[in-house]
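Just below is one structure, and these are the notes that go with it.
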Amino acid sequence: YLVERDIPVYQILILSFGIMLGAGIITTFAFFIYNPATFLYSESRTVTFLLTSLLFFQAINIISSGFVVFQYTVSKKEKALSEEILLKSQMELKFLTAKINPHFLFNSLNLLISQLRNPEKAEETLLNLSDLLRYQLDIGDKNTVELETELSIVEKYLSIQKQRFGEKLSFHIECNDKASIPPLIIQPLVENSIKHNID
């Protein structure tokens, strides 16, 4: 219990030795008060017995304290390792979510340039692109997002690609499920699907 509460080991050891020593002293005084003649006429057998008992219990205390120290050290190392693994996975996830495909960005900007003669299409593409970029900035600190939100971003991405590829690309999204998923986990699948199948 004390180890789980992060009490320092030296305090646990002092406490355990103090309890054992205090128990031995109290037992000795109780023995003396109960039968003082034993200390005077037993040729020190009682004192020897009490000291032997005290040493025996202190030896047990040392062994158990050593086990506590060992358990404390192992639990600290395991806790530090699990925190390191968690931090590493969170950093990898943030790195992946913050990564913007430069080819997609350049292609989208080129698409916008080509759509300047058609302001309505250019505006739609620009709004979808800005929503995509804003979404990637907003989810920087989030570990999960709603599936519905993720699919709406995928739809905006596909709309931009539809403007680019025209009749080569058609898509339909249908999903009524409610769930929380890691951010930007669907879009890479869609990007790869377009990249390897558009021809």
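The values are calculated or read from the model by the stated rules, or taken from the named source; none is laboratory data. Keep in mind that this is a model prediction, so the values were computed, not measured. Note that each Cβ is placed from the backbone with ideal geometry, even for glycine, and that neighbours are counted across all protein chains shown. Ligands, DNA and RNA are excluded from the accessible area calculation, which covers all protein heavy atoms including side chains. Shrake-Rupley method; radii C 1.70, N 1.55, O 1.52, S 1.80 Å.
Of Leu96, Leu54, Leu126, all but one fail to be part of a helix (DSSP H, G or I), modelled with pLDDT under 80 and open to solvent by 60 Å² or more (accessible area, probe 1.4 Å); the exception is Leu96. Annotation note: of Arg117, Arg134, the sole residue that is outside any helix (DSSP H, G or I), open to solvent by 100 Å² or more (accessible area, probe 1.4 Å) and modelled with pLDDT of 85 or more is Arg117.
Just one of (1) open to solvent by 100 Å² or more (accessible area, probe 1.4 Å); (2) within 22 Å of Ile19 (Cα to Cα); (3) at pLDDT below 70 fails for Ile63. It is (3). Among the residues making up the range 137-154, those that are in a helix (DSSP H, G or I) and touching a strand residue (DSSP E or B) at 6+ places or on another chain (Cβ under 8 Å) are Ile139, Leu147, Glu150.
Yes or no: Lys156 open to solvent by 40 Å² or more (accessible area, probe 1.4 Å), in contact with an Asp or Glu (Cβ under 7 Å, 6 or more places away or on another chain) and at pLDDT 85 or above? Break it down into steps so the answer makes sense when it comes.
Working: open to solvent by 40 Å² or more (accessible area, probe 1.4 Å): yes; in contact with an Asp or Glu (Cβ under 7 Å, 6 or more places away or on another chain): yes; at pLDDT 85 or above: yes.
Considered against the rule, which asks whether it is open to solvent by 40 Å² or more (accessible area, probe 1.4 Å), in contact with an Asp or Glu (Cβ under 7 Å, 6 or more places away or on another chain) and at pLDDT 85 or above, Lys156 comes out as yes.
This table checks each residue for (1) charged (D, E, K, R); (2) out of contact with any Gly (no Cβ under 7 Å at 6 or more places or on another chain); (3) at pLDDT 90 or above.
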{"position": "Asp141", "(1), (2), (3)": "yes, yes, no"}
{"position": "Lys162", "(1), (2), (3)": "yes, yes, yes"}
{"position": "Glu167", "(1), (2), (3)": "yes, yes, no"}
{"position": "Phe171", "(1), (2), (3)": "no, yes, yes"}
{"position": "Cys175", "(1), (2), (3)": "no, yes, no"}
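Checking each residue in the range 177-197 for being assigned to a loop (DSSP other than H, G, I, E, B) and open to solvent by 30 Å² or more (accessible area, probe 1.4 Å) picks out Asp177, Lys178, Ala179, Pro182, Ile185, Ile186. All of Glu146, Glu150 fail the test of being among the acidic types (Asp, Glu) and open to solvent by 70 Å² or more (accessible area, probe 1.4 Å), apart from Glu146.
A residue that is over 20 Å from Asp131 (Cα atoms), open to solvent by 30 Å² or more (accessible area, probe 1.4 Å), of a type outside the set (Lys, Arg) and in contact with a helix residue (DSSP H, G or I) (Cβ under 8 Å, 6 or more places away or on another chain) can be found somewhere in the range 166-176.
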